[in-house]
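Reviewing the structure listed below.
We did not get these values from a lab; they are worked out from the coordinates using the rules stated. Keep in mind it's a predicted model, so treat the numbers as computed, not measured. Neighbour counts run over all protein chains shown; Cβ positions are idealised from the backbone, glycine included.
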């Protein structure tokens with residue numbers, strides 16, 4: 001299930017969805033998980049360990065993933 005998106009001449013590829021999260025391959029070859037919850041992130045990590053073990057997932061912090069000390 002790969003979908004390609006064009007942004008200002010660059011192509012991003014939607015690799016998979018995990019709940020509300022989207023695993024996207026950027027034009028630089030980096031894999032980013034966008035949106036979702038911590039559970040979605042765990043599911044994505046497990047899926048990648050089985051089907052794409054060489055991939056490192058980058059994730060930017062969001063309101064849903066911040067931890068309160």
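Could you work out the Rg to Rh ratio of segment 3-60, with Rh taken as the Kirkwood radius (inverse of the mean 1/r over all Cα pairs)? Rg/Rh for segment 3-60 comes to 0.96. The packing ranking, built from the mean of other Cβ atoms within 10 Å per residue, places the peptides 26-36, 45-55, 12-22 in the order 12-22, 26-36, 45-55, highest first.
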